[in-house]
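Step one of this worksheet: look at the structure below.
The values are calculated or read from the model by the stated rules, or taken from the named source; none is laboratory data. If you're wondering where the values come from, they're calculated on a predicted model, not measured in any experiment. Note: ideal-geometry Cβ built from the backbone for every residue, glycine included; neighbour counts use all protein chains shown.
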Amino acid sequence: MALDERIGSIGNRIDALIERIKPDVIALERVFADVNVRSVMGTAQISGVVLLLANRHGIPIAMHTPTEVKAAVTGSGKANKDQVGAMVAKILGLAEVPKPADAADSLAIAICHGWRGAGSAVSSDSALTPAQRAWHAAASAAARKREG
């Protein structure tokens, strides 16, 4: 497909998902400079489409850096894709790591936002790793300090 057709097709599918699911918020990975310009450009183009659609539907956007997502899910901002996938599977109680790796990354972004997003709370502290419990406790303490 030509670039405009491909982006239009993806945009139409995302718009249909927004209409069907009606999310309260959309969390995206913040695009960052990388050596793979083609990958960054594709991600930036689709992020722009999502930003536009979220605006049209009045849905707030949350942006999280790759390091922030990795740290939220694994306890380390330097985790590799295999580690992120393994933790996503563990956190969500899945029998196997979601495939492709982009699916695990998307779930990691959602988990990160759920844990770090405004007003969110982790419902089951026992489901977290020690690193995640420590991270969540530190994030909660920092939020209380900012408020008070």
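Test Val49 against the criterion of being outside any strand (DSSP E or B), closer than 18 Å to Ala103 by Cα and not hydroxyl-bearing (Ser, Thr, Tyr), and give yes or no.
Answer is no for this residue.
Could you tell me which numbered condition Arg30 fails, if it satisfies all but one of (1) in contact with a Ser or Thr (Cβ under 9 Å, 6 or more places away or on another chain); (2) modelled with pLDDT of 95 or more; (3) within 27 Å of Leu3 (Cβ to Cβ)?
(2)
Can you tell me how many residues in the range 51-82 are assigned by TED's automatic domain parsing to the domain that holds Ile109 and on the phi > 0 side of the Ramachandran plot?
Total meeting the criteria: 1.
Taking the range 55-112, which residues are surrounded by fewer than 19 Cβ atoms within 10 Å (Cβ to Cβ) and among the acidic types (Asp, Glu)?
Glu68, Asp82, Glu96, Asp102
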